[in-house]
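Inspection log for the structure reproduced underneath, given as C-alpha cells.
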Number of protein chains: 2
Amino acid sequence: MKFYILTIFPEYFSSPLKVGLLGKAIERGLIEVEVLNLRDFAQDKHRTVDDEPFGGGEGMVFKPEPLYQAIQKVKEMDPETHVVYLSPQGKLFNQKVAESLAKHKSILFICGRYEGIDERIRAHFVDEEVSIGDYVVFGGEVASLVVIEAISRLIPGVVGRKDSIDKESFTSGLLKYPCYTRPREFLGYKVPEVLVSGDHAEVERFRRLSSLKITLERRPELLHTANLSQEDYAFLKSLLEKQRVYLFLLHYPVKNKEGETIASAITSLDLHDLSRLGRTYGLKGVFVIQPLSDQREIAERICRHWTEGFGAKYNPTRKEAIKLVKLFETLDSAIAEVERECGEKPLLIATDASPKRSYITVERLRELLWEKPIALILGTAWGLCDEVFEQCDYFLEPIWGRLDAYNHLSVRSAGSILIDRILGLYSFWKK
Amino acid sequence: MKFYILTIFPEYFSSPLKVGLLGKAIERGLIEVEVLNLRDFAQDKHRTVDDEPFGGGEGMVFKPEPLYQAIQKVKEMDPETHVVYLSPQGKLFNQKVAESLAKHKSILFICGRYEGIDERIRAHFVDEEVSIGDYVVFGGEVASLVVIEAISRLIPGVVGRKDSIDKESFTSGLLKYPCYTRPREFLGYKVPEVLVSGDHAEVERFRRLSSLKITLERRPELLHTANLSQEDYAFLKSLLEKQRVYLFLLHYPVKNKEGETIASAITSLDLHDLSRLGRTYGLKGVFVIQPLSDQREIAERICRHWTEGFGAKYNPTRKEAIKLVKLFETLDSAIAEVERECGEKPLLIATDASPKRSYITVERLRELLWEKPIALILGTAWGLCDEVFEQCDYFLEPIWGRLDAYNHLSVRSAGSILIDRILGLYSFWKK
C-alpha cells in the first residue's frame, strides 16, 4: 500500500511515521508513505499556494493549479491512485470506509488548511471527500494520520496477531469488553473472579456479555448490525427490561377546540393501536385515564372481548397486546399504579404539538430511561391542559413539520412516532 | 491551557507540535504541552508498563500502578487536572465536547495502546472517556493530537481572525460553503458569477444557501440544531419539495388470516390518520387502492365532508390533510397517477412486518429520495400478497420488536413510524 500526503507542512509527519507498529510496517516495506510539499508545485518564485477567496472574507484558499499539478504528478507515478480530500464537509470516516479505502493500492491524501481548497479541484479532481469527525482541527494533516493508521491496521502483516483485530471495537461490531491485568487487587479494587477462574468458556461468556452491556449503554445503534446469538438477545432483553416505559392516554383534563377543559370519549381503535405499539416496543403498560364510568365500562368490555372472550381465541397476538391496557379514573391513580409496580414514582413526560415551554430532546429522555420509570402522557381531543403540564417533570420536544408548521397528527400517529424515537434505537430483535 | 500527554511513545509528538498555528500557540505560551513517558512511572528496572490480560487472550494491557502514579504526579502539579482516556469505547468527540473540554485549565490525556488500560483505572481514576470516531487506530497518540488541535482552536488568540472560526463547519452549525480563488477560469471551469459581482449581500446569500444545500444533502441532522431564518426555511423547503413521497394504502390484493387473497374494507380512521401524517411530513399524496366501488364511494363521501362539506369549515387543518387522499381502483392506476404528476414512474417500496426477502435500510431509501418519486406501499388486513412484492422495486427493512419477535403494529402505527424514519431527519420546521 502506498500513501501520498500532499501538505504545506511536510515536517509535520517526520516523527509520527517512525513510531510503533506503523513505523515498523513502513520499515518492513509493508506500507510506503511519500510526503509531498504542495509548495513544490507552485508556479511562481515565491512558491505561492494560496490566495484570497473570490467574494471576499477572511482566510485564504488553496489555489487550483498547484493542487492540480501535484495530483497529475502522483497519477503519473501511480495512475490508479485514489484521491481523498480530508475536510469537515466530507462523509464521516468509520471502519467501513477504512475497509473500502484499504482496497486501493495507492491513495493520495490532500491536507487542507485555512479556508480549504478551491472548489473546482474538489468537484472535478477529488474521488472521495472524508471527515474524521464533527469537529474542526487545524488542517488535514492530523486527519490523514488518523486515516492512514486505520487503513494500515487492515493491511495483512501490519498487526501481527489477527486475534487482536477481530476482537477489537467496531471490527466485531461491538464495543470492547474491559481488560484487567496484574495485580489481582489494586488499591482495594479486585479483578472479577471469573477472569481468574481458569474456566475459558466462562471467561469468553463474561467478555461477550460485558461487550454487549457496554455497547447497549453507550452505542446501541451498533447492535442493529452486529451478529447476535439467541443467548446475546436473551441477555440484552434482561437489560432492556430495566427500561420501564408506560404510555398514558389522557381523556381528562384535556382541551376542546375552544381551549376549554373537557373529558373526551374513548376511541376503540386507540386501545388497539396503542396496545399493539406497547407490546411491540415492550412497554410496561398502556394506561387509559377516563373519569366517566360508563366510558370506562365500554373500554373494559372491549378489552375483555380480546383478553377473555371470542377475540382471545380468534387473535392471540391481539390478546397479548390488549393485556397491557388498564383503565383509571384519574391521572393520580395511574401514577400510583406505576409506583406500585416499579417501587418508585415515574417521571412524567408531557407531549404536545406546540412548543409552549422549554422541552427536553429525545436523546436526553433516553438517558433518563435507565434511571427511572417513565410515563409518556398523550393528550386526546385538542391536547393536554396547563395543569397537566405543571404536574409533569418534562415536556418532550414536539414532532415538527417537514415543509412548514403543519404538525397535526392523530394521537395514534404521534404516540407511535414518539415511542419509536425513544425506543426504536433499542429495537433490534430480528425474527 | 495546559495539556499533559501520557504515552509510551513520547517521540511521537516531537514534530506535530512544532507546526503551523498550534506550533505558534505553543511558542507564544498560549498553550503548554507536556509529554510524559509512562515508562518513567514503572516500578521495576525493566520499566514494565504492560502485562497479560487476566482471563487469557492475545495482546497486552497497561498495568494499573504506573498509570496511577502518573495521574498522581500530574495532580500534584495541577490538582484540577481533568483526566481524559482516549479509547474507542468513549463518547464520540465532537465540537460540543471540544467546547466543554476547553473550559478546563489542565487536561491529562491517557493514550492507550494494545488491548487498552486496566479497567480499574478507567472506572475509578478517569474523568471522561472520549473516542474520536468509529474506527480503530494504533493508539491514543493520534487521537490526543486531534483533541488537542480541536480544543486549541477555541482558546482566545490561537486563531487570529475570529471570523474564520465563526464561519467554519460545526461552529455555525452548518457545513461550509465552497471556496474559490484565482484564476477565474481554470481548465474551463469558471468561478460562479455572483462571487465576482462585487455585490456583498448577494455573495453572503450565495454562501448561506450553498451551506444550507450541502448540509441538507450530506448531514441533515445538523439542521435540527442550527439557527435558521425564515429565508433559510423557504430555501430548504424548495429543496425538500424535490423529495416526492407517496403513501399507498392497499386494500387489494392483500391476505387474510388464512393467507388467502382478499379485498379488505376501508377504515375511516385510516383516511384521517394517514392524511394528517402525509400533510405533516409533506407527502405528495395518500393514495387508497380499493377495487370495490361501493367502498370507494363511502371513502369519497367521507373525504368530501372534510374537503367541501361541514367539516371543511369546522376544521380547516383537517381539510388540508384530507385533500391528499385519492381513491383508485387498482395499484396500476395509482402508479399511473404518480407518473402523471411527477413525469416519471415511482420506485415501489413494499412493507411488511416479516423479513421474507432481502430488504433495503431506511438509510439507503433516503438516498433514493433525491433521485426518484417513491411510493411506500402499506398493506391492510394480514399484509401484502406475493404478487405485490414481485412488482415492487424494494422491500423496506421491517420495524423490529424491542424485547422479542412481537411486532404486530396497526397500519396507522407502522405507516407513521416508517414515514418518520424516512423523513423525520428532514423535519425541522419549528413554529
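The values are calculated or read from the model by the stated rules, or taken from the named source; none is laboratory data. In this text the structure is predicted, and so the values were computed from the model without any measurement. Quick reminder, even Gly has a Cβ in these numbers, built from the backbone with ideal geometry, and neighbours come from all protein chains shown.
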Qualifying residue in region B:157-171 (condition: out of contact with any Gly (no Cβ under 6 Å at 6 or more places or on another chain), within 9 Å of chain A (Cβ to nearest Cβ), modelled with pLDDT of 95 or more and surrounded by fewer than 18 Cβ atoms within 10 Å (Cβ to Cβ)): no
Every residue from region B:187-209 that is surrounded by 19 or more Cβ atoms within 10 Å (Cβ to Cβ) and more than 16 Å from A:Glu52 (Cα to Cα): B:Phe206
Members of region A:130-161 found to be among the small types (Gly, Ala, Ser) and touching a Phe, Trp or Tyr at 6+ places or on another chain (Cβ under 9 Å), listed by number: A:Ser131, A:Gly133, A:Gly139, A:Gly140, A:Ala143, A:Ser144, A:Ala150, A:Ser152
Residue, nearest to B:Pro398 (Cα to Cα), within region A:225-239, restricted to residues that are crowded, with 17+ Cβ neighbours inside 10 Å and modelled with pLDDT of 95 or more: A:Tyr233
Residue within region A:314-325 that is of a type in the set (Lys, Arg), more than 11 Å from every other protein chain (Cβ to nearest Cβ) and within 22 Å of A:Phe395 (Cα to Cα) present: no
Looking only at region A:105-136, and only at residues there that are surrounded by 24 or more Cβ atoms within 10 Å (Cβ to Cβ) and at the interface with chain B (Cβ under 7 Å from one of its Cβ atoms), the one that is farthest from A:Glu76 (Cα to Cα): A:Tyr135
All positions within region B:259-281 that are in contact (Cβ under 8 Å) with a residue 40 or more places away in the chain and more than 14 Å from chain A (Cβ to nearest Cβ): B:Gly259, B:Thr261, B:Ile262, B:Ser264
Residue under evaluation A:Gly188, criteria (1) of a type outside the set (Lys, Arg); (2) modelled with pLDDT of 95 or more; (3) in contact with a strand residue (DSSP E or B) (Cβ under 9 Å, 6 or more places away or on another chain), criterion not met: (3)
Given (1) part of a helix (DSSP H, G or I); (2) surrounded by 21 or more Cβ atoms within 10 Å (Cβ to Cβ), number of the condition B:Ile349 does not satisfy: (1)
Set A:Ala405, A:Ala375, A:Ala350, A:Ala334: member being touching a Phe, Trp or Tyr at 6+ places or on another chain (Cβ under 9 Å), within 11 Å of chain B (Cβ to nearest Cβ) and small (Gly, Ala, Ser): A:Ala405
Check on B:Asn256, farther than 21 Å from B:Ile374 by Cα, more than 14 Å from every other protein chain (Cβ to nearest Cβ) and touching a residue at least 12 places away in the same chain (Cβ under 8 Å): no
Some residue of region A:105-117 being in a helix (DSSP H, G or I), among the basic types (Lys, Arg), within 23 Å of A:Leu6 (Cα to Cα) and at pLDDT 95 or above: no
Qualifying residue in region B:74-87 (condition: charged (D, E, K, R), surrounded by 15 or more Cβ atoms within 10 Å (Cβ to Cβ), more than 38 Å from the chain's Cα centre (by Cα) and closer than 30 Å to A:Arg205 by Cβ): no
Which listed residue, of A:Arg357, A:Arg402, is touching a Ser or Thr at 6+ places or on another chain (Cβ under 8 Å) and free of Cβ contacts under 8 Å to residues at least 60 places away in the same chain: A:Arg402
Enumeration of residues in region A:117-130 that are closer than 20 Å to B:Leu187 by Cα and either in contact with a Gly (Cβ under 9 Å, 6 or more places away or on another chain) or among the polar types (S, T, N, Q) (or both): A:Arg122
Any chance A:Thr215 is exposed (fewer than 15 other Cβ atoms within 10 Å of the Cβ), within 11 Å of another protein chain (Cβ to nearest Cβ) and not basic (Lys, Arg): no
Every residue from region A:383-402 that is farther than 22 Å from A:Leu277 by Cα and within 14 Å of another protein chain (Cβ to nearest Cβ): A:Gly401, A:Arg402
Residue match in region A:290-307 (condition: under 30 Å from A:Ser410 (Cβ atoms), in contact (Cβ under 8 Å) with a residue 60 or more places away in the chain and charged (D, E, K, R)): no
Leading residue by the ranking (farthest from the other protein chains (Cβ to nearest Cβ)) among those in region B:282-296 that are in contact with a strand residue (DSSP E or B) (Cβ under 9 Å, 6 or more places away or on another chain) and among the hydrophobic types (A, V, I, L, M, F, W, C): B:Ile289
Hey, A:Ser144 on the phi < 0 side of the Ramachandran plot, more than 8 Å from chain B (Cβ to nearest Cβ) and surrounded by fewer than 23 Cβ atoms within 10 Å (Cβ to Cβ) or not: no
Set A:Ile298, A:Ile349, A:Ile377: member being out of contact with any Asp or Glu (no Cβ under 8 Å at 6 or more places or on another chain) and closer than 23 Å to A:Glu241 by Cα: A:Ile377
Residue in region A:327-348 that is in contact with a Cys (Cβ under 9 Å, 6 or more places away or on another chain) and more than 30 Å from B:Trp429 (Cβ to Cβ) present: yes
The lone exception for B:Gly343 - which of (1) at negative phi; (2) more than 14 Å from chain A (Cβ to nearest Cβ); (3) free of Cβ contacts under 8 Å to residues at least 24 places away in the same chain it fails: (1)
Any hit, region A:419-427, residues being crowded, with 22+ Cβ neighbours inside 10 Å and closer than 14 Å to A:Phe248 by Cα: yes
